[in-house]
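Working notes, beginning with the structure itself.
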Amino acid sequence: MTRNKEILNSLITLTVREVRRFLRIWVQTLVPPAVTMSLYFVIFGSLIGPRIGEMNGLDYIQFMIPGLVMLSVITSSYANVVSSFFGVKFQRSIEELMISPMPNIVILTGFIIGGVARGVMVGIIVFLVSLFFYPDFTIVDPLLTISVLILTAILFSLMGFLNAIYADTFDDISVVPTFVLTPLIYLGGVFYSITILPEFWQKVSLANPMLYVVNTFRQGMLGVSDISVSFSLIMQVFFIILFGAFALHLLKKGTGIRQ
Amino acid sequence: MSDLALKISSLEKKYASGVKALDGIDLEVKKGDFFALLGPNGAGKSSTIGIISSLVTKTSGSVKIFDIDIDEDFNEAKRKLGVVAQEINFSPFEKVEDIVITQAGYYGISASQAKPKTETTLKRLGLWEKRSEQARNLSGGLKRRLMIAKALIHDPELLILDEPTAGVDIELRRGMWDFISEINNQGTTIILTTHYLEEAEQLCKNIAIIDKGKIVENTSMKELLSKLDVQSFVLDLNQPLNNLPSISGYTMTLSDPSTLVVAIEKDKSINQFFAELSKIGISVKSMRNESNRLEELFMEIVKSND
């Protein structure tokens, strides 16, 4: 067996293990976003939405759908990798990976694919749920939509991986999602267009990276955006390369995993 | 190509806390050997094994596994290495069979190739009936056996067993000894650390004792045991004695009227002692060592290093 074939088998093994992990606990990983987003669609879409009227020329519920899909993708891909990698550290099964001849890039890629798989699966589930509330939804630019979906899932899976590397306790893996990610996503244009904000807060909002992710996805799904899509895509790719390289550096150094 | 499975030279490990766990150790283990690495808690055994298996980063020195320097191609060296860690290190929520097949996958073996080997190994270790159970439902002894199955799935040439029988009952332990001996007889080099010195004495051909980060003894088991100056034997007598018998040249005590304890120096024969007993009409029902021979030597060596 050639070395490349062995490496491919290792990657398939780790990916299957990661996907099997979140599918095994599907009640915790796949169902909650569907339930939560259904409530958002009922309350903000069907009940309050008609009173709000249009947002950027669209029905409010229609405007909300890309933001809520993105919210689910970001939190699911991040949560999958941070909990899975911290879990293997906590249970010491990280030793199985470290003792094996798997290159670090295969370990990183396996966990990231797991995070992307869950993020994309949850994104599709939430989108299908949204069709119950807005059956006429059509995706304007499928290629851009899928590209942003996957890039976002990769980016936040990498961030989850970095969080898990540095985490020593269960508190450490919940601090970032609770106190950083969630507020930034909610203030990143999921529920509103920044054009409704006073000028000062519009400028402040431009410093929120979630705004770019949500709006690029909205451009793909609905064809409307508050920001430059090309700039957003370039920044996503840039941060994926940056975080990916940093994660590999930490794995090589053994930060958080090797004494 | 040397005949060494492992060569450690001037290996040092200093932890961030400032603790120097290894102080320049040198160690060689020949191919096919069954080697005991013993030492008290905190002596440096786990640090040594951790460095060999990449769980611990060395401060300086070199480690070669079958002539492959871990600094040059650690991944290639790891292919030849199997490790049974001291602590359970598999996911408790996965099924027994999946754990072993996944481990094989980490070594580049596809699931279809790993399945027959997994079946053979699990059957040999008495785990096949439990293959569909989550690992958390296994008893302590079965978890230990699963650790061994995992470590063997890629046919390692060097198997490191870090206290593999800790907390395992005697029946299971003996079964594991047989299994490990069989693997050694098939050509796999084995390095064993254990606190059961009787286990090391029975199984291992060569031995190193590490203490305070230094190798304080490194020789064959036979050579080491021959250094024992005095051995104490417990004799169960056929008839009880009221008084201690008088035999010159032997130190004796009666722990109860039917149990005589005698210390026999290295240069004296146990046959001679039995002859002396016969002369005064004392017959012996059974005999055993008062304590494990290796244990006595181990304590002597460690004490002398204080």
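Name the one entry in B:Gly42, B:Gly24 that is touching a strand residue (DSSP E or B) at 6+ places or on another chain (Cβ under 9 Å), free of Cβ contacts under 8 Å to residues at least 60 places away in the same chain and either surrounded by 14 or more Cβ atoms within 10 Å (Cβ to Cβ) or part of a loop (DSSP other than H, G, I, E, B) (or both).
It is B:Gly42.
Being in a helix (DSSP H, G or I), more than 27 Å from B:Glu87 (Cα to Cα) and in contact (Cβ under 8 Å) with a residue 24 or more places away in the chain holds for only one residue in A:Ile125, A:Ile139, and it is A:Ile125.
Restrict the check to the range A:96-103 and report whether at least one residue is in a helix (DSSP H, G or I) and away from chain B (no Cβ under 14 Å). Walk me through how you get there before you give the answer.
So the first thing to find is which residues in the range A:96-103 are in a helix (DSSP H, G or I), and the list is A:96-99.
Those still in the list that are away from chain B (no Cβ under 14 Å) too: none.
No, the conditions are met nowhere in the range A:96-103.
Give the residue that is modelled with the highest pLDDT, with candidates limited to residues of the range A:224-254 that are small (Gly, Ala, Ser) and surrounded by fewer than 13 Cβ atoms within 10 Å (Cβ to Cβ). In this case the residue turns out to be A:Ala245.
Take the residues of the range A:1-25 that are charged (D, E, K, R) and at the interface with chain B (Cβ under 9 Å from one of its Cβ atoms): which is nearest to B:Thr102 (Cα to Cα)? Before you say what the answer is, go through the steps one by one.
Going residue by residue through the range A:1-25, those that are charged (D, E, K, R) are A:3, A:5-6, A:17-18, A:20-21, A:24.
With the extra rule that they be at the interface with chain B (Cβ under 9 Å from one of its Cβ atoms), the set shrinks to A:3, A:5-6, A:17, A:20-21, A:24.
Values: A:Arg3: 18, A:Lys5: 16, A:Glu6: 13, A:Arg17: 7, A:Arg20: 12, A:Arg21: 12, A:Arg24: 16 Å.
Top of the filtered list is A:Arg17.
Tally up the residues in the range A:47-61 that are small (Gly, Ala, Ser) and closer than 15 Å to A:Phe137 by Cα, please.
Matching residues across the range A:47-61 total 1.
B:Asp178 meets all of the listed conditions (1) surrounded by fewer than 22 Cβ atoms within 10 Å (Cβ to Cβ); (2) within 13 Å of another protein chain (Cβ to nearest Cβ) but one, namely (2).
All of A:Pro183, A:Pro177, A:Pro209, A:Pro198 fail the test of being in contact with a Ser or Thr (Cβ under 8 Å, 6 or more places away or on another chain), at pLDDT below 90 and surrounded by fewer than 22 Cβ atoms within 10 Å (Cβ to Cβ), apart from A:Pro177. Filtering the range B:162-220 to residues that are at pLDDT below 85 and of a type in the set (A, V, I, L, M) leaves B:Ala166, B:Val168, B:Ile170, B:Leu172, B:Met176, B:Leu197, B:Ala200, B:Leu203, B:Val216.
When A:Gly115, A:Gly87 are checked against the criterion of being away from chain B (no Cβ under 14 Å) and either out of contact with any strand residue (DSSP E or B) (no Cβ under 8 Å at 6 or more places or on another chain) or modelled with pLDDT of 95 or more (or both), A:Gly115 stands alone in meeting it. Restricting the search to the range B:211-232, which residues are surrounded by 15 or more Cβ atoms within 10 Å (Cβ to Cβ) and acidic (Asp, Glu)? Hits for the range B:211-232 are B:Asp211, B:Glu217. On the basis of being in contact (Cβ under 8 Å) with a residue 40 or more places away in the chain, surrounded by fewer than 21 Cβ atoms within 10 Å (Cβ to Cβ) and in the same structural domain as B:Gly126 (by TED's automatic domain parsing), does B:Phe93 make the cut? In short, yes. Any residue that is within 30 Å of A:Val19 (Cβ to Cβ), of a type in the set (Asp, Glu) and either touching a Gly at 6+ places or on another chain (Cβ under 7 Å) or assigned by TED's automatic domain parsing to the domain that holds B:Glu157 (or both) - is there at least one of those in the range B:52-70? So far as the range B:52-70 goes, no, none of its residues is within 30 Å of A:Val19 (Cβ to Cβ), of a type in the set (Asp, Glu) and either touching a Gly at 6+ places or on another chain (Cβ under 7 Å) or assigned by TED's automatic domain parsing to the domain that holds B:Glu157 (or both). Per the conditions (1) within 13 Å of the chain's Cα centre (by Cα); (2) over 30 Å from A:Arg21 (Cβ atoms), the sole criterion not satisfied by B:Ile183 is (1). Identification of helices (runs of 4 or more DSSP H) wholly contained in the range B:50-140 with 3 or more residues that are under 24 Å from the mean Cα position of the chain (by Cα) and either facing chain A (nearest Cβ under 10 Å) or farther than 28 Å from B:Val19 by Cβ (or both) yields B:70-79, B:111-124.
Taken over the range B:233-267, the residue count meeting the criterion of being surrounded by 14 or more Cβ atoms within 10 Å (Cβ to Cβ) and not hydroxyl-bearing (Ser, Thr, Tyr) is 14. For A:Leu108, the criteria (1) in a helix (DSSP H, G or I); (2) more than 25 Å from the chain's Cα centre (by Cα); (3) under 30 Å from B:Pro156 (Cα atoms) hold in every case but one, which is (2).
What residue, among those in the range A:209-259 that are free of Cβ contacts under 8 Å to residues at least 12 places away in the same chain and hydroxyl-bearing (Ser, Thr, Tyr), is nearest to the other protein chains (Cβ to nearest Cβ)? Lay out the reasoning, then the answer.
Keep residues of the range A:209-259 that are free of Cβ contacts under 8 Å to residues at least 12 places away in the same chain, which gives A:225, A:228, A:230, A:234, A:238, A:241-242, A:245, A:249, A:253-254, A:259.
Restricting the remaining residues to those that are hydroxyl-bearing (Ser, Thr, Tyr) gives A:225, A:228, A:230.
Numbers: A:Ser225: 42, A:Ser228: 43, A:Ser230: 40 Å.
By that ranking, first place goes to A:Ser230.
The values are calculated or read from the model by the stated rules, or taken from the named source; none is laboratory data. Keep in mind that what you see is a predicted model, and the values were worked out from it rather than measured. Counting neighbours? That spans all protein chains shown, and the Cβs are built from the backbone with ideal geometry, glycine included.
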